[in-house]
Amino acid sequence: MSKEVVLSGIRPTGFLHLGNYFGAMRNYVRMQDEYNCYFFVANWHALTTHPDTKELQNSVHRVIAENIACGLDYQKVSLYVQSDVPEIAELYLYLNTMAYKGELEKTTTFKDKVRQQPDNVNAGLLTYPVLMAADILIHRALKVPVGKDQEQHLEMARNFAERFNHRYGDVLPSPQAFNFGSELVKIMSLDGNGKMSKSENQMNTLYLADDDDLIRKKIMKAKTDSGPTQPNSFKPDYIENIFTLLKLVSDQTVVNKFETDFNNCVIRYGDLKKQLAEDMVNFIKPIREQAADIQSNKALLSKIIHQGAEKARASASATLTEVRKAMRLNY
Ligand code: ADP
Ligand code: TRP
């Protein structure tokens, strides 16, 4: 039996961080054996908010390199760049005729972007969910691992697919957001304000490209307090987050020791952060170094990107043939 198709995309709009790793990339890596996976860099989507392309190539290369350094095997999955697959743009065009101005204007992410960039409310921004639907439907993907903030886009993709099928015949299956239930972690910013993110709050976000000293510095500055005064207290958010990070990168014995110290009100947050900093350095360092190696190897990058595009285009053009046939556009 053929494997189910999984697809996800990351916008190359900044440095990848620990939240992206534990919230997204680690799950991609877990899925690569069981599913037929397509992962891509959404550089067309980036243009809707970042029209200046001076840094774009670098960012695209970094996202590819970091994904491989995190464990994606480019021989197993199709790892490609959106703009290398023009079939997506053709499907986007057809889907645009099934997407209505009213529903696009009501999309939460569109309304957010209008507030953030009132001088650049371009049509690409309005039709962002249509392009995303094309990304997914072009491979007839069934599962799309994404965060909660993308669920509305997934619902729109299902609507566009259903409208297409209703109008032209059954070609496009309905994709579902895929999450890992309780395994889905949200990594908070080190000051406890909001989540780690690509562009905001950079001194409180740990990036996969941060050097050892910067990692130490950021962690030592993480928000703590004077410690619990009652045994077995609840942990405030920012302390819980430090423990979340510790659980992700440290040995169980280390976690147990600090949990016990916390519960007995003898915890020393300085020691906790020192330990976390060292374990985090050991966690990030090999990823950073491997990503840097790949990123400086332009021949390898080019090979990976071409190979990814080839696999993606084979699947995309097969879908497009069916789409054109259904629409009677096959002359
Ligand atoms: P950012 O918010 O940093 O721009 P994206 O929105 O591009 O990140 O998210 C890419 C993927 O990483 C999504 O699947 C999202 O759910 C996940 N992700 C982003 N930030 C976090 C975080 N702080 N904790 C957990 N997962 C995250
Ligand atoms: N919109 C997604 C984000 O901001 C990125 C993305 C673009 C995507 N196309 C996709 C994600 C297709 C999953 C499937 O994170």
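Here are some notes:
- Within segment 163-221, considering residues that are small (Gly, Ala, Ser) and either surrounded by 18 or more Cβ atoms within 10 Å (Cβ to Cβ) or at pLDDT 90 or above (or both), the one farthest from ligand 1 (Cβ to nearest atom): Gly169
- Filtering segment 1-39 to residues that are within 10 Å of the chain's Cα centre (by Cα) and among the aromatic types (Phe, Trp, Tyr) leaves Tyr21, Phe22, Tyr28, Phe39.
- Entirely in segment 1-81, the helices (runs of 4 or more DSSP H) that have 2 or more residues that are touching a Phe, Trp or Tyr at 6+ places or on another chain (Cβ under 8 Å), within 23 Å of Ser315 (Cα to Cα) and of a type outside the set (Asp, Glu): 26-31, 56-69
- Residue pairs meeting the criteria (Cβ under 8 Å; at least 6 apart or on separate chains; first in the same structural domain as Asn43 (by TED's automatic domain parsing), in segment 14-31; second assigned to a helix (DSSP H, G or I) and within 12 Å of ligand 2 (Cβ to nearest atom)): Leu16/Val63
- Residues of segment 1-18 that turn out to be at pLDDT 90 or above, within 8 Å of ligand 1 (Cβ to nearest atom) and surrounded by fewer than 21 Cβ atoms within 10 Å (Cβ to Cβ), as a count: 2
- Residue check for Leu47: surrounded by fewer than 20 Cβ atoms within 10 Å (Cβ to Cβ) and either within 15 Å of ligand 2 (Cβ to nearest atom) or not small (Gly, Ala, Ser) (or both): yes
- Among the residues listed as Lys273, Lys235, the single one being within 29 Å of the chain's Cα centre (by Cα), under 23 Å from Asp212 (Cβ atoms) and among the basic types (Lys, Arg): Lys273
- Taking segment 142-162 as the range and being surrounded by fewer than 17 Cβ atoms within 10 Å (Cβ to Cβ) and within 16 Å of ligand 1 (Cβ to nearest atom) as the test, the residues that pass are Gly147, Lys148, Asp149, Glu151, Gln152.
- Hits in segment 94-113 (condition: within 16 Å of ligand 2 (Cβ to nearest atom) and part of a helix (DSSP H, G or I)): Leu95, Asn96, Leu104, Thr108, Thr109, Phe110, Lys111, Asp112, Lys113
- Beta carbons closer than 6 Å, at least 6 apart along the sequence or on distinct chains, pair a first residue in segment 186-212 that is at positive phi with a second that is in a loop (DSSP other than H, G, I, E, B) and more than 12 Å from ligand 1 (Cβ to nearest atom) for Gly192/Lys223.
The values are calculated or read from the model by the stated rules, or taken from the named source; none is laboratory data. As the structure is a computational prediction, the values presented were derived from the model and not from experiment. Ideal geometry is used to build each Cβ from the backbone, glycine not excepted, and the neighbour counts take in all protein chains shown.
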